[in-house]
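Each remark here refers to the structure printed beneath this line.
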Amino acid sequence: MAKNIHPELKEAYERLYHETPLGYYNCGRLCDGLCCRGDCKGMWLYPYEEELFADKEGFEVCETEGNYGYPMVICSGECDRAERPLACRIFPLFPLVIEEDGKVIIKVIRDPRATMCPIVRSSKRIDPSFVRQVRLTARRLIRDEKMFDYMKNVSLELLEIIELQSRLASEERE
């Protein structure tokens, strides 16, 4: 990784290096890396990550209209696990940042955008230590104002997606 990495991001990368949803198993082997193989199927970058992947061999940064001004990164599906972006390290989870009564709450959920993930589609239990590390990582990241704003905006978007999915499921049952 680059030497000029943002300190909270560096800590997040280190904290999540050995953590995966299924313990030590590389979950990308279950689906042949569907979440990161070309055709603009990639991972959204967090603040401060674009410069880390801009000229990195094996990665392509794609500008997008979404993700609050931050691009997406695509890899071949066979990257060095130490080189993964944060979204890949926490996949298929997302730490919702919710403000209630002047307090910030972190709630780790299965990301509703992760529909291609066999872990999300199954009832397979995600390793609790992974969930805990994602929550602790989010707590550290939101100390930075850019990270906080980004994660809060994505959280609001995901809550809208979850509500829409719930309404659609209700209509199907009727």
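Read-outs: derived from the displayed coordinates by stated rules, not from any lab. If you're wondering where the values come from, they're calculated on a predicted model, not measured in any experiment. FYI the Cβ positions are ideal-geometry reconstructions off the backbone, even for glycines, and counts take in every protein chain you see.
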Only four residue types carry charge here, +1 at the Cβ of Lys and Arg and -1 at the Cβ of Asp and Glu. Report the dipole size of the chain about the Cα centre in Debye, rounded to the nearest 20. 880
Using the Cβ atoms and a cut-off under 9 Å, what net charge is assigned to the surroundings of residue 70, where Lys and Arg are +1 and Asp and Glu are -1? -2
Within the range 50-174, the percent of DSSP beta bridges that are antiparallel, given to the nearest 5, stands at 100
Just to check I understand the Karplus step: with θ = phi - 60° and J = 6.51 cos²θ - 1.76 cosθ + 1.60, what whole-Hz values come out for the range 104-109, glycine and proline as x? 9, 10, 10, 10, 7, 10
Residue farthest toward the positive end of the dipole of the chain, with Cβ of Lys/Arg at +1 and Asp/Glu at -1: which of 42, 90, 52? 90
Could you work out how much longer the chain between residue 146 and residue 116 gets when fully extended? Use 0.36 nm per residue separation minus the Cα distance between them, nm to one decimal. 7.9 nm
Once fully extended, how much extra length lies between residue 14 and residue 63, figured as 0.36 nm per residue of separation less the alpha-carbon to alpha-carbon distance? 15.0 nm
Over 19 Å between Cα atoms, which of 10/124; 103/152; 41/146; 41/124 qualify? 10/124; 41/146; 41/124
